[in-house]
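Undergrad: Before we start, here is the structure in question, set down as structure tokens.
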Amino acid sequence: MRHVLIPALFTATPAMAASGPFFSLHNTDFVVLLGFLVFIGILVYFKVPSRLMGMLDDRAKGIRGDLDEAKALREEAQALLASYERKTREAQAQADEIVATAKAEASAAADQAKKDLETSVARRLAAAEDQIESAQQAAVREVRDTAVQVATAAAGQVIAAQMSSAEANKLIDRSIDTVATKLH
């Protein structure tokens with residue numbers, strides 16, 4: 001900035017184009033030029049340009065720091081976003097896996113329930129068939145027992161009608177002898 005200021009002071013200006021002696025205190029252009037040069041000298045003496053440059057440099061450093069911080073925050077935000085997206089994908093994958101597992105377990109449970117139902121039905125059918133067979137056997141036994149009773153009663157009536165008391169006594173004695181020989 002200093003290098004630009006000094007040559008600008010000595011270039012052609014309206015003060016150079018004024019009529020009459022330039023280096024006179026009656027020439028307003030010369031007085032203004034002297035005032036301006038004194039003002040610039042005071043600014044240089046008190047190092048105002050270097051302070052301004054320092055302030056501008058500090059401001060530039062602050063802006064650069066803010067930009068770096070913003071860039072770091074942006075990168076951190078992008079990393080966080082990527083992390084959350086990854087976690088979201090993982091959570092979705094876990095949810096899909098849980099749903100698939102639940103479906104498989106439900107299907108397996110349905111298959112097992114179907115098998116258990118078929119086994120239960122088969123067992124109940126077998127029990128019903130056993131009950132039917134048992135009832136048939138009981139009915140057959142009852143019919144036989146009834147037939148035996150009826151036959152015995154009928155035979156007893158026929159024998160009683162055909163047999164005399166002497167023959168009955170002989171049969172009783174023979175039965176007693178048979179029982180006695182078998183028991184001893």
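Undergrad: Does the stretch 49-75 hold any residues that are closer than 30 Å to F39 by Cα and acidic (D, E), and which are they? Talk me through it step by step, then tell me what you get.
TA: Within the stretch 49-75, the first condition is being closer than 30 Å to F39 by Cα, and the residues that meet it are 49-61.
Within the stretch 49-75, D57, D58 qualify.
Undergrad: Of the residues that sit in the stretch 17-56 and are of a type outside the set (F, W, Y), out of contact with any helix residue (DSSP H, G or I) (no Cβ under 8 Å at 6 or more places or on another chain) and assigned to a loop (DSSP other than H, G, I, E, B), which one is modelled with the lowest pLDDT?
TA: A17
Undergrad: Collect the residues in the stretch 45-56 that are surrounded by 12 or more Cβ atoms within 10 Å (Cβ to Cβ) and without any contact (Cβ under 8 Å) to a residue 12 or more places away in the chain, keeping them in residue-number order.
TA: Residues of the stretch 45-56 surrounded by 12 or more Cβ atoms within 10 Å (Cβ to Cβ): 48-50, 52-53.
Of everything in the stretch 45-56, those that are surrounded by 12 or more Cβ atoms within 10 Å (Cβ to Cβ) and without any contact (Cβ under 8 Å) to a residue 12 or more places away in the chain turn out to be V48, S50, L52.
Undergrad: Return the residues of the stretch 159-171 that are in a helix (DSSP H, G or I) and surrounded by 10 or more Cβ atoms within 10 Å (Cβ to Cβ); say none if nothing qualifies.
TA: I159, E167, A168, N169, K170, L171
The values are calculated or read from the model by the stated rules, or taken from the named source; none is laboratory data. Being a predicted model, the structure only gives us computed values, none of them experimental. A quick note on method: Cβ atoms are made from the backbone with ideal geometry, for glycine too, and the neighbour counts reach across all protein chains shown.
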